[in-house]
1. I'd like the orientation of helix 88-99 relative to the chain: the angle between its Cα long axis and the longest Cα principal axis, in ° from 0 to 90, rounded to 10.
2. Across the stretch 103-116, in residue order, what do the Karplus-derived ³J(HN,Hα) couplings come to in whole Hz, using 6.51 cos²θ - 1.76 cosθ + 1.60 with θ = phi - 60° and x for Gly and Pro?
3. Kindly rank 31-44, 88-101 from highest to lowest mean number of other beta carbons found within 10 Å of each residue.
4. Helix 21-36: angle to the longest alpha-carbon principal axis of the chain, degrees 0 to 90, nearest 10?
5. For Gly78, list long-range residues whose amide hydrogen, built 1.01 Å from N in the peptide plane, is under 5 Å from its own amide hydrogen.
6. Kindly provide the pair-distance distribution of the chain built from C-alpha pairs, with 10 Å bins from 0 and whole-percent values in order of increasing distance.
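Every read-out reported here was derived from the displayed coordinates using simple, explicitly stated rules and does not represent laboratory data. Computed from a prediction, not measured in an experiment: that's the story for all the values here. So basically every Cβ, Gly included, is an ideal-geometry build from the backbone, and we count neighbours across all protein chains shown.
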Amino acid sequence: MRYMLMHKLDDSNPALWEADPEFIAKFGEYMEEVNKAGVLLAAEGLRPSSAGAAIIRVTDGQATVTDGPFAEAKEVIGGFGILQVRDHAEAVEWAKRFAALFDNVEIEVRRVSEFE
């Protein structure tokens, strides 16, 4: 089963978007562990919404584009990982390990839809 882990960051706090050397070292250890376990399919960090983001909303067939930064959104997706794991419990365990790298973070764990 594939699961996506998404971590959310406060879009209005620039310090959260610039990792310090201590975090980078801890993140590197986590990435090494998840790679050695053979469950990591993809992982990427995202830039804050002020760095070229857009939201496209379609209402009654009419598209509206809103460029970032998104004043109405306090938290936005800061990055994601896609894991190939046995079950939901294993995905949650990897997400908890990732969350432990932060002082304050919210991680969302979602199963990827797959045709069976």
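1. Value to nearest ten degrees: 80.
2. So the J values, rounded to whole Hz, are 7, 9, 7, 10, 10, 9, 10, 9, 6, 7, 5, 9, 6, 10.
3. Working: 31-44: 12.8, 88-101: 15.1.
The packing order, highest mean first, is 88-101, 31-44.
4. Tilt relative to the chain: about 60 degrees.
5. His7, Lys8, Leu9
6. The distribution over the chain is 12, 39, 31, 15, 2, given as percents.
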